[in-house]
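Heads up, the thing below is written out as structure tokens.
The values are calculated or read from the model by the stated rules, or taken from the named source; none is laboratory data. Small disclaimer: the values here were computed from a predicted structure and weren't measured. Neighbour counts run over all protein chains shown; Cβ positions are idealised from the backbone, glycine included. These accessible areas exclude ligands, DNA and RNA; they are computed on the full protein's heavy atoms, side chains included. Shrake-Rupley method; radii C 1.70, N 1.55, O 1.52, S 1.80 Å.
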Amino acid sequence: MPESDATPTVRLTFYNGVAELVLDRPHKMNAMNGAMVQELAAALDAAEQAGARALLVRGEGRAFCSGRDLAEADPLSEDGEAILRDQFNPLMRRMAELAMPTIAVVHGACLGTGLGLALACDVIYAADDARI
């Protein structure tokens, strides 16, 4: 069974008007796969629709986000430019254009698309162990 059918890769909770978005693939250092990208976009929509006043983004486990999940990659036949243009860039743009303050809480690995997600936030709070 694919991971997207088994468990969500993103959690969204609310506390006193603040939305907390958690990247939840700790066994993969929160590497972004297709399911996570879709769930992140849906979570951003949900946070806006709920009227959140701020959004906190963090990763579960020992990393913020190690980048794209290369287990899904096919470097010999895929169009990397199209993947960035059609899948990842719209997510980063959506994060950057949110009408609420966004804060990335970065620890451990913050690489590739994970770095893009953090940079799309208004503020980055980095732990001493952050590897950017």
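Considering each residue of segment 1-41, count those that are among the hydroxyl-bearing types (Ser, Thr, Tyr) and part of a helix (DSSP H, G or I), and give that number.
Adding up the residues that qualify gives 1.
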Which residues, taken from segment 46-86, are of a type outside the set (D, E, K, R), open to solvent by less than 20 Å² (accessible area, probe 1.4 Å) and under 15 Å from residue 36 (Cβ atoms)?
57, 59, 63, 64, 65, 67
Screening 88, 64, 14 for residues that are among the aromatic types (Phe, Trp, Tyr) and in contact with a Ser or Thr (Cβ under 9 Å, 6 or more places away or on another chain) leaves only 88
What about residue 42, is it loosely packed, with under 14 Cβ neighbours inside 10 Å, of a type outside the set (Asp, Glu) and either closer than 12 Å to residue 21 by Cβ or touching a strand residue (DSSP E or B) at 6+ places or on another chain (Cβ under 7 Å) (or both)?
yes
Right, residue 44: over 10 Å from residue 10 (Cα atoms), outside any helix (DSSP H, G or I), aliphatic (A, V, I, L, M) and without any contact (Cβ under 8 Å) to a residue 60 or more places away in the chain or not?
no
